[in-house]
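The values are calculated or read from the model by the stated rules, or taken from the named source; none is laboratory data. Here the structure is a predicted model, which means the values were calculated and not measured. When we count neighbours, we look across all protein chains shown, and the Cβ atoms used for this are built from the backbone with ideal geometry, even at glycine. Note: areas computed on protein heavy atoms with side chains; ligands, DNA, RNA excluded. Shrake-Rupley method; radii C 1.70, N 1.55, O 1.52, S 1.80 Å.
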Number of protein chains: 2
Amino acid sequence: MDRVYIFDTTLRDGEQSPGATMNVEEKIIVARQLEKLGVDAIEAGFPISSEGDFEAVRRIAEEVRGCQIVGLARTRSQDIDRAWEALKAGEDPRLHVFIATSDIHLQHKLQKTREQVFEEMQSAVRYCRKLTANVEFSCEDATRTDLDFLVRMAAGAVAAGARVVNIPDTVGYAVPPEMAEIIGRLLREVPGIENVILSVHCHDDLGLAAANSLAGVLAGARQVECTVNGLGERAGNAALEEIAMALRTRGGQLGLSTGIRTEQLYPASRLVRAVTGIVVPPNKAIVGRNAFAHESGIHQDGVLKNKLTYEIMTPESVGLPATKLVMGKHSGRHAFRERMGELGFELSDEQLETAFRRFKALSDKKKEVFDEDLETLIMDEIIQVPRRYRLDYINVTSGSQVMPTASVQLDIDGYQARNAEFGDGPVDASFKAIAKLTGTKSRLVVFSVNAISGGTDAQGEVRVRIEEDGVEVTGVGAHTDIIVASAKAYVDALNKLDYRKKNPPGQLHQDAP
Amino acid sequence: MDRVYIFDTTLRDGEQSPGATMNVEEKIIVARQLEKLGVDAIEAGFPISSEGDFEAVRRIAEEVRGCQIVGLARTRSQDIDRAWEALKAGEDPRLHVFIATSDIHLQHKLQKTREQVFEEMQSAVRYCRKLTANVEFSCEDATRTDLDFLVRMAAGAVAAGARVVNIPDTVGYAVPPEMAEIIGRLLREVPGIENVILSVHCHDDLGLAAANSLAGVLAGARQVECTVNGLGERAGNAALEEIAMALRTRGGQLGLSTGIRTEQLYPASRLVRAVTGIVVPPNKAIVGRNAFAHESGIHQDGVLKNKLTYEIMTPESVGLPATKLVMGKHSGRHAFRERMGELGFELSDEQLETAFRRFKALSDKKKEVFDEDLETLIMDEIIQVPRRYRLDYINVTSGSQVMPTASVQLDIDGYQARNAEFGDGPVDASFKAIAKLTGTKSRLVVFSVNAISGGTDAQGEVRVRIEEDGVEVTGVGAHTDIIVASAKAYVDALNKLDYRKKNPPGQLHQDAP
């Protein structure tokens, strides 16, 4: 069977989703899980776009082994130098350069001729080759590119020494037969194409990203670029879990396989959800809560009798725990470490020790500690940016006939500050009190509470997305009291906003494939 | 251009999603929006499966005009009689019979031979034909059916008088080339196939439902069965909005079109989300919050300059409001009615009048009334099952250093009852108080708060999914105070559970395609 390489871009294209911003620590923890999942390459960022991206790529290249780390760059030498600077400590790191090739982008965005674009591409690939043989080139907006010109660009990239040539459906415009035609044509007409890996990178604007990726590999592409949970700009990228399971479930007939350890798909999905705060709907293929829902409730009997009738893959094959394991005060260090692994958290010994102590404190307060509790505990207490603000105390009264009131004490840069406010509800009142204490003017974009599954005594997991001057951040907070959790989430978001102001995000993302 | 018929099964297959149960009033309001959306057929339920399904199909057939109403039935005459009883007042209603055709289902589920299944199909279709010429037949698990036998079944159905022959990918197993092959083969080999409509019905287990549907119509099928938001069992059905926009965006090249008024897609999506409580993720194609996200934030300038560079369809074409229209105390009856329509709510004059009064009361309390506020107001106050319980009063105190306590007064069957409880948080405390007052033993499955967009003074929209004896229901509550909203949602869920106990759901759904 032919091997299809999985190139994960959760940390680069996925992070471009509004509100999915991850800090360096969060990116590293996701990268570790991706390595465990068995992806062949991790695109860790776009180093020249921001200090934060540079730092994330550099640290991941240094710390993650077992798969190639990739950095994105435009065709300019400054971009490539900066990317290489971030990547060079890695194990066989890859430089990924791109330039748009469609006439629409040439005219409206680049204001360049095809000839200029061709020249820039070749000199960029050659420049990369001086640094490494592991060079990927992407024709941005390839699926809306004149096919003759696309063949010429791919041929030029191969001639200049690219090892991987990627065909992005940047705007999610293609239908599967077109993708098959493009790949087929390149394979027939590009000299030397047999020595490089042809790749596809699909977006889901018409709901066809997984199918277009599959059409690409069926036609002969051998790398798929994708993201966990289909995260990404607009409607997102092709979902890694769908590609991996389509090839696992139907690979026999299709003659294709991947190196993905599919049992790590569910943990990876949970982790990315926990880190980004972007929800996975219950009806999401493979990793949604209902994806294997005939497992439960009134259908259970029928399915147990005749699994084959409605089940084309088992929950175990994607790493969905067969029984919901609940931790409690008698769970030991070993079980805790194991559960962390199953949830996708690869923690250092020190982090693990801190997490275990917090878990013990929590299990004294509540009988059953669920996966959601553990995830929020880790996100809230272990993986976080340096804190400027900390919530010391909060108290609220509210109800149908009282004026909702909150009193709050914060620790700001080491000093205590107190305030009380009333509001339309207890959350409103506490956010007002906190905003006044911190002197911040952010706008609340999303407020959500999730995942109190298994009973009302679970921790409330609150996510708050706020925006200030065009920068969006997501804060998370956990507590058995939903109002306390809300205040913690808001304070967390304000800390992240503060961090973002000191580490501004890239302005170049809009140009990426 | 060839016309592709859109057969919506949100109310039948979509409703089979865990927790998506809709009551009759909710189904009618969704059916009205589907009619406005321009679908060709609405599958309104599976009449023999429950009293509730029967009633929903009957009322929709009576009240909705402008598209065909469909009722599902197994091959038994009792099923067909019951379906026809529900349908007969409709405008050209359709009987939809199905039987499984794959060997896996024959052996493990039906314990029947192919010959028996063929006979049952033919006699069922003939039985239907005595009632109406508008008969659809589905081969359940068609994509895992021996292709020679599938051809025989389709030929038999055509010979017996079916007008539509449907090919369901019941378990979401197919890849697009297979779907194309099946449809192509049927078109070549089934005598008389040119006189019937060939249909596809795809599930999204491998993320390929939209692509398989498209492969079907490209190969010659002319009906697609799908659901709004891709709702449905497990990973759901093909998403109506993806099919409609793929055919609108690429239909020119593909030579295909639909009758869908795409400007109604976003309102339909909002409505189904509001009614079922099933979230739509931000990166959902077409209707997700980020689907057109280059519209906002730092990318705005670039995209405004060169829309074509990253935009293959406009937000307006799917009915996404270009500017967020905010209602307030000065908004009049006319603007209110119009906004209701844009949100997908087709209300009766009486409902509209009640809703307008509630809106006025709300706009006195808060300056800006957002779409989310209006949706929760309608769902919470206008469309609801008969209430047994009503929340009269609630008060809570909580915080980081107090014991969360709630005092509650309920109206139960017209009598007042009071109670106070403490808990792990204010939600836990109030749910405990309510559970004790109502004497219910339900388990909390999901608790979520959503969509407070635009500021902290928006109403909290709380959704509570509870389970008792295998029956899951979703309750919704809205209030500017999140704790009050939670209590209202819980009481709403308990009312629905009470209704469900008196109107048990169908046990037959597991057999449907």
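Which one of A:SER486, B:ILE466, A:GLN253 is farthest out on the positive end of the charge dipole of the protein assembly as shown, using unit charges on Cβ (Lys, Arg +1; Asp, Glu -1) and the Cα centre as origin?
Result: A:SER486, furthest along the dipole toward the positive end.
Provide the FRET efficiency to the nearest 0.05 for the A:LYS360-A:ARG418 pair, computing r from the beta carbons and using R0 = 30 Å.
Details: r = 31 Å, r/R0 = 1.03.
My answer for the efficiency is 0.45.
Any idea what the A:GLU25 label distances to the other copies are, label 7 Å down the Cα→Cβ vector, nm, shortest first?
4.9
Rounded, prolate or oblate: pick one for the stretch A:145-287, where a ≥ b ≥ c are the square roots of the eigenvalues of its C-alpha gyration tensor, a/c under 1.5 means rounded, and failing that, prolate if a/b is larger than b/c, else oblate.
Numbers: a/c = 2.08, a/b = 1.73, b/c = 1.20.
Prolate shape, in that a/c is at least 1.5 and a/b is the bigger ratio.
Given label points at 7 Å from Cα along Cα→Cβ, what nm distances, shortest first, separate A:LYS441 from the same residue in every other copy?
The projected label point of A:LYS441 is separated from its counterparts by 5.8 nm.
So if I restrict to the alpha-carbon atoms in the stretch A:1-113, what is the Rg, and what is Dmax, the biggest pairwise distance, in Å?
When restricted to the Cα atoms of the stretch A:1-113, Rg and Dmax are 14.7, 44 Å.
Quick one: which residues, 5+ away or cross-chain, put their amide H under 5 Å from the amide H of A:GLY460? H built at 1.01 Å from N.
Under 5 Å from the amide H of A:GLY460: A:HIS479, A:THR480, A:ASP481.
Under the convention of a label 7 Å out along Cα→Cβ, give the distances in nm from B:ALA361 to the same position in every other copy, shortest first.
4.4
In square nanometres, what is the average projected area of the Cα convex hull of the stretch A:401-501? Intermediate values should be presented prior to the final figure.
Details: hull surface 27.6 nm².
The Cα convex hull of the stretch A:401-501, projected and averaged over all directions, gives 6.9 nm².
List the residues, sorted by chain then number, that are 5 or more residues from A:GLY45 or on another chain and whose placed amide H is less than 5 Å from its amide H.
Sorted by chain and number, the residues that satisfy this are A:LEU72.
Please find, among residues of chain A, the one with the beta carbon closest to the rotation axis relating it to chain B, distance in whole Å.
A:ALA211, 1
Using every Cα-Cα pair within chain B, state what percent have a distance larger than 40 Å. The partial results should precede the final answer.
Details: 34495 of 131328 pairs.
Result: 26 percent of Cα pairs exceed 40 Å.
Please report, as a whole percent, how much of the solvent-accessible surface of the stretch B:367-447 comes from carbon and sulfur atoms (probe radius 1.4 Å).
Details: 1700 of 3450 Å².
Carbon and sulfur atoms account for 49 percent of the accessible area of the stretch B:367-447.
I need the phi-derived Karplus couplings for the stretch B:408-422: 6.51 cos²θ - 1.76 cosθ + 1.60, θ = phi - 60°, integer Hz, Gly and Pro marked x.
Values, residue by residue: 9, 10, 10, 9, 10, 6, x, 9, 8, 9, 10, 6, 10, 9, 10 Hz.
In nm, to one decimal, how far is the A:ARG387 label point from the B:LYS501 one, both placed 7 Å along Cα→Cβ?
Between A:ARG387 and B:LYS501, the label points sit 4.5 nm apart.
Using 0.36 nm times the number of residues separating B:ARG188 and B:GLU85, minus their current alpha carbon distance, what extension gain do you get? Walk me through the numbers before you get to the answer.
Details: separation 103, 0.36 × 103 = 37.08 nm, distance 3.66 nm.
Full extension of this stretch gives 33.4 nm more.
Compute the FRET efficiency between B:ARG443 and A:MET1 as 1/(1 + (r/R0)^6), taking r as their Cβ-Cβ distance and R0 = 51 Å, and round to the nearest 0.05.
Details: r = 45 Å, r/R0 = 0.88.
Efficiency for this residue pair is about 0.70.
From the Cα gyration tensor of the protein assembly as shown, with a ≥ b ≥ c the square roots of its eigenvalues, which class applies: rounded if a/c is under 1.5, or else prolate if a/b is larger than b/c, or else oblate?
Details: a/c = 1.56, a/b = 1.00, b/c = 1.56.
Note, shape of the protein assembly as shown comes out oblate.
Taking amide H atoms as placed 1.01 Å from N in the peptide plane, list the residues 5 or more away in sequence, or in a different chain, whose amide H sits under 5 Å from that of B:ARG94.
Hits under the 5 Å cutoff: B:ILE69, B:VAL70, B:GLY71.
Do the alpha carbons of any pairs in B:LYS88/B:LYS130; A:LYS27/A:LYS441; A:LYS436/A:LYS496; B:LYS436/B:LYS488; A:LYS109/B:LYS284; A:LYS488/B:LYS488 sit beyond 19 Å of each other, and which pairs? Each step should come with its number before you reach the end.
Working: B:LYS88/B:LYS130 13 Å; A:LYS27/A:LYS441 28 Å; A:LYS436/A:LYS496 17 Å; B:LYS436/B:LYS488 15 Å; A:LYS109/B:LYS284 27 Å; A:LYS488/B:LYS488 25 Å.
A:LYS27/A:LYS441; A:LYS109/B:LYS284; A:LYS488/B:LYS488, as the Cα separations exceed 19 Å there.
Given points 7 Å out from each Cα along the Cα-Cβ axis, report the A:GLU62 to A:LYS329 separation in nanometres with one decimal.
Going by the 7 Å Cα→Cβ label model, 4.3 nm.
Provide a whole-number value for the mean count of partner chain Cβ atoms within 10 Å of the Cβ atoms in peptide B:475-487.
Numbers: counts 0, 0, 0, 0, 3, 8, 13, 13, 10, 7, 1, 3, 2.
Taking all residues of B:475-487 together, the mean is 5.
Please check chain B for the longest run free of trypsin sites (Lys or Arg not before Pro) that are loop-located per DSSP (anything but H, G, I, E, B) and have at most 12 other Cβ atoms within 10 Å. Can you show the working numbers first?
Working: sites that count: B:ARG65, B:LYS324, B:LYS367, B:LYS441.
Between exposed loop sites, the widest span is B:66-323.
Please give every one of the aspartates and glutamates within straight-line cross-link reach of B:LYS365, meaning a C-alpha to C-alpha distance under 13 Å, and leave out same-chain neighbours fewer than 8 residues apart.
A:ASP424, B:ASP373, B:ASP457, B:ASP481
Using just the helices of the protein assembly as shown, give the 222 nm mean residue ellipticity in deg cm²/dmol: DSSP H runs with n ≥ 4 each add -39,500 (n - 2.57), and the total is spread over all residues, rounded to 500. Working shown, then result.
Details: 32 runs with 398 residues, N = 1026.
About -12000 deg cm²/dmol.
Given DSSP loops and a limit of at most 15 other Cβ atoms within 10 Å, what is the longest stretch of chain B that contains no such GluC sites (Glu not before Pro)?
Numbers: sites that count: B:GLU91, B:GLU368.
Excluding the exposed sites themselves, the longest stretch runs over B:92-367.
Using a Förster distance of 30 Å, how high is the FRET efficiency between B:GLU311 and B:ARG261, based on the Cβ-Cβ distance and rounded to 0.05? Don't jump to the answer; show the numbers that get you there.
On the way: r = 20 Å, r/R0 = 0.68.
Approximately 0.90, to the nearest 0.05.
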